[in-house]
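Since the structure comes first, as structure tokens, the remarks are kept for the end.
The values are calculated or read from the model by the stated rules, or taken from the named source; none is laboratory data. Remember, predicted model here, so these are calculated numbers, not experimental data. Because the Cβ atoms are built from the backbone with ideal geometry, glycine has one as well, and the counts that use them run over all protein chains shown. What goes into the accessible areas is simple: the full protein's heavy atoms, side chains included, and nothing from ligands, DNA or RNA. Shrake-Rupley method; radii C 1.70, N 1.55, O 1.52, S 1.80 Å.
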Amino acid sequence: MARLGLLALLCTLAALTASLLAAELKSKSCSEVRRLYVSKGFNKNDAPLYEINGDHLKICPQGYTCCSQEMEEKYGLQSKDDFQSVLSEQCNHLQAVFASRYKKFDEFFKELLENAEKSLNDMFVKTYGHLYMQNSELFKDLFVELKRYYVAGNVNLGDMLNDFWSRLLERMFRLVNSQYHFTDEYLECVSKYTEQLKPFGDVPRKLKLQVTRAFVAARTFAQGLAVARDIVSKVSVVNPTAQCTEALLKMIYCPHCRGLVSVKPCFNYCSNIMRGCLANQGDLDFEWNNFIDAMLMVAERLEGPFNIESVMDPIDVKISDAIMNMQDNSVQVSQKVFQGCGPPKSLPAGRISRSISESAFSARFRPYHPEQRPTTAAGTSLDRLVTDVKEKLKQAKKFWSSLPTTVCNDERMAAGNGNEDDCWNGKGKSRYLFAVTGNGLANQGNNPEVQVDTTKQDMLILRQIMALRVMTNKMKNAYNGNDVDFFDISDESSGEGSGSGCEYQQCPSEFEYNATDHSGKSANEKANSAGTHAEAKPYLLTALCLLFFAVQREWR
């Protein structure tokens, strides 16, 4: 009996102790939680002064809590805003890097062309005087076409330069044979001998090669910076799924409901949530890294043999050398033309103009001394611009795969890596025990924190992946000194195709281009040989076509 009485007494004491503890817990102050809640602009009437029963909570752990139902709902919206804010900061920085570098390169290239044209005009006026002024539209047209190619791309550089030298030969041929009358038909015949006679020496061939490579590389590189800028801008706008939003609420504000306002989420816990919320962005990483590598390759070309500054700065000297070569060989050139095109008709004696030996063309061209040349374009040099942008490109590599970690490194989002035991793990203040999942959509099937539909790919991300692939191919062609004609059928390997035909700020990636594979088959031949396989997969082909046109509209 004594034992039973003692047992009853102990049970009574235990029940009383539990009741007292419950009362103490129930009356625990929520003042700090309430203060922080109000500091975010929310109504203080939503927040209880003391802990209440949490059966109403849908996401946060139930039990005694400092959160009302209204607080949980508003915290859900706030956690979404907090996530988007931190993400935007990271992406906006990268976008600003590409936007500023594109602006600098664009200004530099355009001013470089302006300075080259001014240099040529000033020196040709001094050297050739009235004869140059009479024919200045020929040189003006050359720079108009060069600028048009850089801006719009719809110029065949090789054909344009061939036309320039043909027109220059016609003008020069008249001057060195001013005692004859030449019809337009005769001058057309003269221009046909341009390649055979090489009246301007080797200058046209060398300049054509240098200009084509330099302009393709310069335009493609600037275009690549613009594409990267636009892709970051589009991809950084993330609208979290309902599952992601719930996980964010549970990570960021559910500890407040437990009164743990100073306890931050565990780093690995945050990492799993970010990898789930940014699963589609993670899929960009492979093509993004290929694109960055291709940009770095073209940057090396811009520093070396495809340096547009080293091509355009002395272009006036090179053209003048060609003119002097024509003058020196005018007798031999004229005799061969007369043999091929027939003897010309002499002008009446009273109409014979001064011979070329008496004209201003007899003066030798005097290039600028270095100190006389115009100010360097955009106040800098191509080498300095490329050195700077290469460093930024290297830093941008693996941006998308490292983005979850970068976000969690923000002190507003998670505790530091070294604070693994004293952090919020989604349920309480303790170590987070789950492993961190991989990046990308396919790796989220086993994500312990965010439910992700791994079968549903994001169309916006797929379009950006396609745009990166197209731009990477353009970069590789530019690196090899080849232009890619995306609309006309031309020999890609010739390096003389035209560009995109549109402002790359509006449509930086085009998708119809010719390519030859390593086996030597053209794209059409490959398509014919693969016809049987194509017929076997009509639905896949239709899907790819729809994606193709969706991407094309995206970049127009």
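Would you call Glu117 acidic (Asp, Glu) and within 30 Å of Ile231 (Cα to Cα)? No; evaluated as a whole, the condition is false for this residue. For region 219-242, name all the residues that are hydrophobic (A, V, I, L, M, F, W, C) and either closer than 16 Å to Gln95 by Cα or at pLDDT 95 or above (or both). Phe221, Ala222, Leu225, Ala226, Val227, Ala228, Ile231, Val232, Val235, Val237, Val238, listed by residue number. Pairing residues of region 53-68 that are within 12 Å of His256 (Cβ to Cβ) and in contact (Cβ under 8 Å) with a residue 24 or more places away in the chain with residues that are among the aromatic types (Phe, Trp, Tyr) and surrounded by 13 or more Cβ atoms within 10 Å (Cβ to Cβ), at Cβ distances under 9 Å and at least 6 apart in sequence or on separate chains, gives Cys60/Tyr75; Cys60/Tyr253; Cys66/Tyr37; Cys66/Tyr50; Cys67/Tyr37; Cys67/Tyr75; Cys67/Tyr253.
Find the residue count for region 424-451, including only residues that are assigned to a loop (DSSP other than H, G, I, E, B), among the hydrophobic types (A, V, I, L, M, F, W, C) and buried (at least 21 other Cβ atoms within 10 Å of the Cβ).
First, pick out the residues of region 424-451 that are assigned to a loop (DSSP other than H, G, I, E, B): 425-428, 430-440, 447-451.
Filter once more, keeping what is among the hydrophobic types (A, V, I, L, M, F, W, C): 433-436, 450.
This time we only want the ones that are buried (at least 21 other Cβ atoms within 10 Å of the Cβ), so: 450.
Selection size over region 424-451: 1.
Restricted to region 162-271, the set of helices (runs of 4 or more DSSP H) holding at least 2 residues that are in contact with a Pro (Cβ under 7 Å, 6 or more places away or on another chain) and crowded, with 22+ Cβ neighbours inside 10 Å comprises 203-235, 242-252. Among residues of region 90-135 being without any contact (Cβ under 8 Å) to a residue 24 or more places away in the chain and in contact with an Asp or Glu (Cβ under 9 Å, 6 or more places away or on another chain), the one that is surrounded by the most Cβ atoms within 10 Å (Cβ to Cβ) is Asn121. Those residues that are open to solvent by 20 Å² or more (accessible area, probe 1.4 Å) and within 27 Å of the chain's Cα centre (by Cα), I need them from region 136-151; list them, please. Matches in region 136-151: Val144, Glu145, Lys147, Arg148, Val151.
The residues of region 32-84 that are in a helix (DSSP H, G or I), open to solvent by less than 50 Å² (accessible area, probe 1.4 Å) and not charged (D, E, K, R), listed by number, are Val33, Leu36, Tyr37, Met71, Tyr75, Gly76, Gln78, Ser79, Phe83.
Before we move on, is Gly304 free of Cβ contacts under 8 Å to residues at least 12 places away in the same chain, small (Gly, Ala, Ser) and open to solvent by 10 Å² or more (accessible area, probe 1.4 Å)? It is true that Gly304 is free of Cβ contacts under 8 Å to residues at least 12 places away in the same chain, small (Gly, Ala, Ser) and open to solvent by 10 Å² or more (accessible area, probe 1.4 Å). Residues that are open to solvent by 10 Å² or more (accessible area, probe 1.4 Å) and outside any helix (DSSP H, G or I) were ranked within region 152-161; the one that is nearest to Glu188 (Cα to Cα) is Asn156.
Lys392 satisfies every condition listed in (1) modelled with pLDDT of 90 or more; (2) of a type in the set (D, E, K, R); (3) assigned to a loop (DSSP other than H, G, I, E, B) except (3).
The set of residues in region 310-336 being open to solvent by 40 Å² or more (accessible area, probe 1.4 Å), more than 16 Å from Tyr128 (Cβ to Cβ) and in a helix (DSSP H, G or I) consists of Ser310, Val331, Gln332, Gln335, Lys336. In region 389-412, the residues that are within 23 Å of Asp106 (Cα to Cα) form Cβ pairs under 6 Å with partners that are surrounded by fewer than 19 Cβ atoms within 10 Å (Cβ to Cβ) and modelled with pLDDT of 95 or more, at six or more places apart or across chains, as follows: Leu393/Leu296; Lys397/Asn289. Has region 93-103 got any residue that is under 30 Å from Asp141 (Cβ atoms) and modelled with pLDDT of 95 or more? Among the residues of region 93-103, at least one is under 30 Å from Asp141 (Cβ atoms) and modelled with pLDDT of 95 or more, which makes the answer yes.
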